[in-house]
1. Which cross-chain or sequence-distant (5 or more) residues have an amide H under 5 Å from the amide H of Tyr146, H modelled 1.01 Å from N in plane?
2. For region 134-231, report the accessible area per residue in Å² (1.4 Å probe, heavy atoms, rounded to an integer).
3. Let me check against my output: what whole-number percent is the relative contact order of the chain, with C-alpha pairs under 8 Å and at least 6 apart?
4. Go ahead and collect, in residue order, the members of region 206-241 whose backbone nitrogen is under 16 Å from a label point 7 Å along the Cα-Cβ direction of Ala143.
5. Decide, for region 35-181, between rounded, prolate and oblate: order the square roots of the alpha carbon gyration tensor eigenvalues as a ≥ b ≥ c, take rounded if a/c falls under 1.5, and otherwise choose prolate if a/b is larger than b/c, else oblate.
6. Would you please classify the overall shape of region 130-247 from the alpha carbon gyration tensor, given that a ≥ b ≥ c denote the square roots of the eigenvalues, rounded means a/c under 1.5, and beyond that prolate means a/b larger than b/c while oblate covers the rest?
7. Which ³J(HN,Hα) values in Hz, rounded to whole numbers, follow from the phi angles of region 27-34 under the Karplus curve 6.51 cos²θ - 1.76 cosθ + 1.60, where θ = phi - 60° and Gly and Pro get x?
8. If the chain between Ala247 and Glu174 were fully stretched, how many nm would it gain, using 0.36 nm times the residue separation less the Cα-Cα distance?
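The values are calculated or read from the model by the stated rules, or taken from the named source; none is laboratory data. This one's a predicted model, so the numbers in the text were calculated from it and none came from an experiment. All Cβ positions, even for glycine, are placed from backbone atoms using ideal geometry, and neighbour counts span all protein chains on display. Ligands, DNA and RNA are excluded from the accessible area calculation, which covers all protein heavy atoms including side chains. Shrake-Rupley method; radii C 1.70, N 1.55, O 1.52, S 1.80 Å.
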Amino acid sequence: MSTESTSGHGGRENAEARLASLDPFDIFDAEAARLDRFFSGLDAGGWARPSRCGGWSVRDVLAHLAGEELYNHACLDDDLEGFRARLEREGVGGGYNGFNEWCVRRRRDVPVEEVLDEWRRANGETRRRMRELGRDAELPTMAGPYPVGLQAFHYDSEYATHADDVGAPVGDDEAGGRARWRAAVGAFVLTERDSPARAEPDGDRVAVRMDGRSERLPVAEFVDATVGRLPEGRLDPELRDALRCLA
């Protein structure tokens, strides 16, 4: 199937329109609050438990979230050169994965209460400043200037993914709406990344098309596919790879 134009059915224009009724800042606040509630109730065993992120414990996920605020604040401060210079001084290589591992590694000997406090303060500032800028403002990023609202949707997806990774509870009354906004974000990012796959969320199902093939996936499975959490063997490997756009 050829890639559809941004004005065509399932294209970027329609995919972005699905996000218009969603408030990315409210979602960001809600997912941060979910993680904070969960982290606040953990004991030593809970922090040490393996997460759904390969090789990372629950504590490591917190360290990752705290560490990436260095990048978030560099974007907000328009100081990406300073961010790059610090990574160079620290000897951090390996791109995004190398940065993530560095963030986790340098906090492993820090008391977890201090890491939690670091994340709370830094992320609280990120959320406040992004809301103040508004969704239509532009934010400097490593990929170039980018709308604040769309960047917030990326953060929303990441926080929801990591909340699921560590097992933070999701109430029955919010699960459906949460899955639907995540599907809308995933469908948009597929167009943004120029993936050969396209998705059309429709209630509790998502119509997925690629190269003349089509599937209707449960919305939760589609979300798992977009963030690289779908179990092996569930989809054709090419389609599975094409749907992975948020991890």
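1. Hits under the 5 Å cutoff: Leu139, Thr141.
2. On the way: 3800 Å² over 98 residues.
Counting only protein heavy atoms, the per-residue value for region 134-231 is 39 Å².
3. Values: 291 pairs, mean separation 56.9, N = 247.
Over the chain, the number comes to 23 percent.
4. 226-228
5. Details: a/c = 1.86, a/b = 1.13, b/c = 1.65.
Because a/c hits 1.5 or more and a/b fails to exceed b/c, region 35-181 counts as oblate.
6. On the way: a/c = 1.86, a/b = 1.29, b/c = 1.44.
Judged from the Cα gyration tensor, region 130-247 comes out oblate (a/c at least 1.5, b/c at or above a/b).
7. With coefficients 6.51, -1.76 and 1.60, one gets 5, 4, 4, 5, 6, 5, 5, 4 Hz.
8. Working: separation 73, 0.36 × 73 = 26.28 nm, distance 2.30 nm.
24.0 nm is the gain from fully extending Ala247 to Glu174.
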